[in-house]
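The values are calculated or read from the model by the stated rules, or taken from the named source; none is laboratory data. These numbers were taken from a predicted model, which means no experiment stands behind them. Because the Cβ atoms are built from the backbone with ideal geometry, glycine has one as well, and the counts that use them run over all protein chains shown. Ligands, DNA and RNA are excluded from the accessible area calculation, which covers all protein heavy atoms including side chains. Shrake-Rupley method; radii C 1.70, N 1.55, O 1.52, S 1.80 Å.
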Amino acid sequence: MKRIYIAGPMTGLPELNFPAFHAAAQMLRADGHTVVNPAELSNSTDQPWEYYMRLSLKAMLDCDTIYLLENWQASKGAFIEFNLAQNLGFHIVFAS
């Protein structure tokens, strides 16, 4: 069983793209994985981007796999998360 962090675009998208994050989390959990979903890390959405990135990166560091949602390349945050995961030797999975 893997501990998987979900990464993808949020900023500027309807509902911050939370439905895509929640759908991925549900699918991965159904497969038996432990999932860290950034859309579940905070109850607020009124903090600066940097606040959420710090929160997300801290949570990501406890994982061994990153699951990248579609269009992740368009996200500054997901690009940072991908590069960190790659440099730390995470298993990398791309949504299809």
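Can you give the translational diffusion coefficient of the chain in µm²/s, computed by Stokes-Einstein from the Kirkwood radius over Cα pairs at 20 °C and 1.002 mPa s?
D = 162 µm²/s.
Can you tell me, using C-alpha contacts under 8 Å and at least 6 residues apart, the relative contact order of the range 34-96 as a whole percent?
On the way: 43 pairs, mean separation 21.1, N = 63.
It rounds to 34 percent for the range 34-96.
Charges only on Cβ, +1 for Lys and Arg, -1 for Asp and Glu: so what's the dipole of the chain about the Cα centre, in debye to the nearest 20? The partial results should precede the final answer.
Working: 6 positive and 9 negative charges, 35 e Å.
Once rounded to the nearest 20, the dipole reads 160 debye.
Could you check how much of the accessible area of the chain is carbon and sulfur, as a whole percent, using a 1.4 Å probe?
53 percent
Most mobile of ALA85, ALA74, ALA30 per a Gaussian network model of the chain (Cα springs, under 10 Å)?
Judging by the Gaussian network model, the answer is ALA30.
Which one of GLN26, SER42, PHE94 is farthest out on the positive end of the charge dipole of the chain, using unit charges on Cβ (Lys, Arg +1; Asp, Glu -1) and the Cα centre as origin?
PHE94
Mean residue ellipticity at 222 nm from the helices of the chain, using -39,500 (n - 2.57) per DSSP H segment of n ≥ 4 over the full residue count, to the nearest 500 deg cm²/dmol? Before the final figure, lay out the partial values.
Details: 3 runs with 37 residues, N = 96.
When only DSSP H runs of four or more count, the value is -12000 deg cm²/dmol.
Heavy atoms of the protein only, probe of 1.4 Å, neighbouring chains included. What is the accessible area of ASP64 in Å², nearest 10?
The accessible area of ASP64 comes to roughly 70 Å².
Accessible area per residue of the chain at 1.4 Å probe, in Å²?
Details: 5750 Å² over 96 residues.
Result: 60 Å² per residue.
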